[in-house]
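Peer 1: Below you will find the structure I want to go over with you.
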Amino acid sequence: MKSFKSNAWILPQPVLIIGTYNKDGKPNAMNAAWGGQWDMHEIMISLGSHATTDNLKDNDDFTVTFATAETMVASDYVGIVSGRNTPDKMEKTGWTVEQAPNVKAPVFTDFPMTLECRVKQKIDEADGGYNLVGEIVNILCDEKYLAEDGKPDVEKMNLITYDPVHHAYIQLGKAVGKAFADGKQLK
């Protein structure tokens, strides 16, 4: 086996789009990869210092959505351009924005599924950022992405993952097994 120095190579990494409002009520979005499920009803996201963290000082509500193959270009754009320096950042994405029904944060309707969240805790908060623990208040899913059982169908969403090794985006594929079931074959 070849050996590599320590890197942020946990695979796969989500491509999360974090939505907030600024003091004036203008929507903002940023791309974040270092996040995941924290607890049954909570998520955790590692955030540097961004317009998003500025916005979360004034309003604890935010949304999280998952980038898709269709939204990839604009999703990458909101990760490389700061809302602090680019006032027309959101207009350039072409995304449709609506007010979330349960939190004071934007919903970008171009994405299949959105988590409505509220700040629960900021861990190791410093000028350079912090680890954000967010309570999931509600989950919204466009009905065209629902399976026959009425729940979100991840395969229909064309979600992408971030490849930190080669700095690329990879589209997720088809289901290959049944969790909490297939392993029973070895019992």
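Peer 1: Against the definition (of a type in the set (Asp, Glu), under 26 Å from Lys26 (Cβ atoms) and surrounded by 11 or more Cβ atoms within 10 Å (Cβ to Cβ)), how does Asp163 come out, yes or no?
Peer 2: Working: of a type in the set (Asp, Glu): yes; under 26 Å from Lys26 (Cβ atoms): no; surrounded by 11 or more Cβ atoms within 10 Å (Cβ to Cβ): yes.
The answer is no for Asp163.
Peer 1: What number of residues within the range 18-47 satisfy the criterion of being outside any strand (DSSP E or B), of a type in the set (S, T, N, Q) and either modelled with pLDDT under 95 or out of contact with any helix residue (DSSP H, G or I) (no Cβ under 8 Å at 6 or more places or on another chain) (or both)?
Peer 2: Here is the first cut: in the range 18-47, the ones outside any strand (DSSP E or B) are 22-26, 33-34, 40-41.
Add one more test, that the residue is of a type in the set (S, T, N, Q), and what stays is 22.
After this cut, where a residue has to be either modelled with pLDDT under 95 or out of contact with any helix residue (DSSP H, G or I) (no Cβ under 8 Å at 6 or more places or on another chain) (or both) as well, the list is none.
Of the residues in the range 18-47, 0 are outside any strand (DSSP E or B), of a type in the set (S, T, N, Q) and either modelled with pLDDT under 95 or out of contact with any helix residue (DSSP H, G or I) (no Cβ under 8 Å at 6 or more places or on another chain) (or both).
Peer 1: Tally up the residues in the range 128-158 that are in contact (Cβ under 8 Å) with a residue 60 or more places away in the chain, among the aliphatic types (A, V, I, L, M) and either in contact with a Pro (Cβ under 7 Å, 6 or more places away or on another chain) or more than 15 Å from Leu115 (Cα to Cα) (or both), please.
Peer 2: Summing the residues that are in contact (Cβ under 8 Å) with a residue 60 or more places away in the chain, among the aliphatic types (A, V, I, L, M) and either in contact with a Pro (Cβ under 7 Å, 6 or more places away or on another chain) or more than 15 Å from Leu115 (Cα to Cα) (or both) in the range 128-158 gives 1.
Peer 1: Scanning for something at pLDDT 95 or above, assigned to a helix (DSSP H, G or I) and surrounded by 15 or more Cβ atoms within 10 Å (Cβ to Cβ), does the range 138-153 turn up at least one residue? Walk me through it before giving the result.
Peer 2: Of all residues in the range 138-153, those at pLDDT 95 or above come to 138-153.
Adding the requirement that they be assigned to a helix (DSSP H, G or I) leaves 143-145.
Checking which are surrounded by 15 or more Cβ atoms within 10 Å (Cβ to Cβ) leaves us with 145.
Yes: one or more hits.
Peer 1: Taking Ala8 as meeting all but one of (1) under 14 Å from the mean Cα position of the chain (by Cα); (2) modelled with pLDDT under 95; (3) within 18 Å of Tyr130 (Cα to Cα), write down the number of the exception.
Peer 2: (1)
Table: residues versus (1) under 21 Å from Met157 (Cβ atoms); (2) not hydroxyl-bearing (Ser, Thr, Tyr).
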position: Lys23; (1), (2): no, yes
position: Ala29; (1), (2): yes, yes
position: Gln37; (1), (2): yes, yes
position: Ile43; (1), (2): yes, yes
position: Pro106; (1), (2): yes, yes
position: Thr114; (1), (2): yes, no
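Peer 1: On to the next question. What pairs come out if I take residues in the range 80-93 that are under 16 Å from Gly19 (Cβ atoms) and pair them with residues that are part of a loop (DSSP other than H, G, I, E, B) and among the hydrophobic types (A, V, I, L, M, F, W, C) whose C-beta lies under 9 Å away, six or more apart or interchain?
Peer 2: Lys89/Val81; Lys92/Val81
Peer 1: What are the residue pairs meeting all of these: first residue in the range 49-67, first residue part of a loop (DSSP other than H, G, I, E, B), second residue aliphatic (A, V, I, L, M), Cβ atoms under 8 Å, and 6 or more apart or on different chains?
Peer 2: These pairs meet every condition: His50/Met30; Asn59/Ala105; Asp60/Val119; Ala67/Val15; Ala67/Leu16; Ala67/Ile17; Ala67/Leu159; Ala67/Ile160.
Peer 1: Please go through the range 68-82 and give me each residue that is in a helix (DSSP H, G or I), surrounded by fewer than 24 Cβ atoms within 10 Å (Cβ to Cβ) and not acidic (Asp, Glu), ordered by number.
Peer 2: So the first thing to find is which residues in the range 68-82 are in a helix (DSSP H, G or I), and the list is 72-80.
Add one more test, that the residue is surrounded by fewer than 24 Cβ atoms within 10 Å (Cβ to Cβ), and what stays is 72-74, 76-77, 79-80.
Selection gives Met72, Val73, Ala74, Tyr77, Gly79, Ile80.
Peer 1: Additional query: Return the residues of the range 5-20 that are farther than 18 Å from Thr68 by Cβ and buried (at least 22 other Cβ atoms within 10 Å of the Cβ); say none if nothing qualifies. Please lay out each step first, then the result.
Peer 2: Within the range 5-20, the first condition is being farther than 18 Å from Thr68 by Cβ, and the residues that meet it are 5-11, 20.
Within the range 5-20, Thr20 is the sole residue that qualifies.
Peer 1: While we're looking at this one, here's another question. Out of Gln171, Gln185, Gln99, report the one residue that is polar (S, T, N, Q), exposed (fewer than 15 other Cβ atoms within 10 Å of the Cβ) and within 20 Å of Asp58 (Cα to Cα). Break it down stepwise before answering.
Peer 2: On the way: Gln171 fails: within 20 Å of Asp58 (Cα to Cα); Gln185 fails: within 20 Å of Asp58 (Cα to Cα).
Going through Gln171, Gln185, Gln99 in turn, the sole match is Gln99.
The values are calculated or read from the model by the stated rules, or taken from the named source; none is laboratory data. None of the values given here were measured: they were computed from a predicted structure. Note that each Cβ is placed from the backbone with ideal geometry, even for glycine, and that neighbours are counted across all protein chains shown.
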